[in-house]
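Only one structure is covered here, and it is reproduced in the block below.
Taken together, the values in this text are just the output of simple stated rules run on the coordinates, not laboratory data. Remember, it's a predicted structure, so these values are computed and weren't measured experimentally. All Cβ positions, glycine included, derive from the backbone under ideal geometry; neighbour counts span all protein chains shown.
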Amino acid sequence: SPIEGPDLSTCFPATPVPPCTVKDSITCCIPYTPDAKITDFKLPPRESPLRIRRAAHLVDSEYVAKYAEAVKLMKELPADDPRNFMQQANVHCAYCDGAYRQIGFPDLDIQVHGSWIFFPWHRFYLYFHERILGKLINDDTFALPFWNWDAPNGMRLPSIYNSSSSLFDELRDPNHQPPVLIDLDYSKTNETDISDDQLILHNLCVMHRQMISGAKTPSLFMGGPYVAGPNGDSNAGQGTIETTPHSNVHAWTGGLAGCNEDMGNLYSTARDPVFYAHHSNVDRMWYLWKKLDRRHRDFDDSDWLDAGFLFYDENGDLVRVRVKDCLETEWLRYAYQDVEIPWQKKQR
Ligand code: C2O
């Protein structure tokens, strides 16, 4: 049966993935009162404006000002408002570091990484985050940017996150600031010293492999099946994109110390505003993959389609979503700016 949860009535201290340890125990419980009303998610009206997510390195200053203002307002919301920036970040921690249990299985936690749950959960997570930001600046066309790391001009930390504004985060690797190019295959132990041109080519090869040659089936691309209950395996297997470049971009951006905060650890990653641009591009990969080939299809398994999660919406109301409602970005009334896809052809 499909994953159902979390059970918000019981929240446990979160534990970051070993071997990293943090001094104090981590609390990332989501605001909740037992009498809170939970409504079933409804798609936004078809006539509502389409939010266009643009490449972060291509946005204009007017957009940056609006975006920074929205994040600032989100950070200034009362600390216990579920739409507050830190609460939003905690939602990510809550769904991956053991804070909550599955509904009906009080011994089993919920993990949204490492399986076919990865893409849809993060799509919904960003969907609500984006709408909260838009509401705070009264703009129902507001859209998050995407970090276009799959194209040469996007292969560095987008500069809009690197100026003194609400978009800045001090817990980032100082050696990976612009104009340093990202290695999409990065790990702490393989710092490369090849030329920028070679690195770009290498990155495009990685993209071709993860999106096309190595991603011919839904499970290769989206990950293995994770179902509810004791037979469910939250580690059923990552899809190509979740493994690389998704995890590598996290590790590359996060700091060098301790648990690699913020971006480099699941519990802290969403405290960095660039997280949302990173995941917007991850989400864009799902959207693009389905357009690349007729055989690129979503799963039709009800254990996937009916999997359900809880989020607070832009009005602060608790909503139960199901995977089957997020399959097309148009249904959720957003789209991606059309930019060149330089990895579509095999690099040589
Ligand atoms: Cu929920 Cu990029 O991790």
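Restricting the search to the stretch 114-127, which residues are touching a helix residue (DSSP H, G or I) at 6+ places or on another chain (Cβ under 7 Å) and either more than 10 Å from the ligand (Cβ to nearest atom) or outside any helix (DSSP H, G or I) (or both)? Hits for the stretch 114-127 are 116, 119, 120, 123, 126, 127. Of all residues in the stretch 129-141, those satisfying the criterion of being touching a residue at least 24 places away in the same chain (Cβ under 8 Å) and surrounded by fewer than 21 Cβ atoms within 10 Å (Cβ to Cβ) are 134, 135, 136, 137, 139, 140, 141. Selection of first residues in the stretch 75-101 that are under 16 Å from residue 130 (Cβ atoms) and of second residues that are acidic (Asp, Glu) and within 16 Å of the ligand (Cβ to nearest atom), restricted to Cβ pairs under 9 Å at least 6 apart or on distinct chains, gives the following pairs, ordered by first then second residue: 89/262; 89/272. Considering the conditions (1) in contact (Cβ under 8 Å) with a residue 40 or more places away in the chain; (2) within 16 Å of the ligand (Cβ to nearest atom), residue 250 is excluded by exactly one of them, (1).
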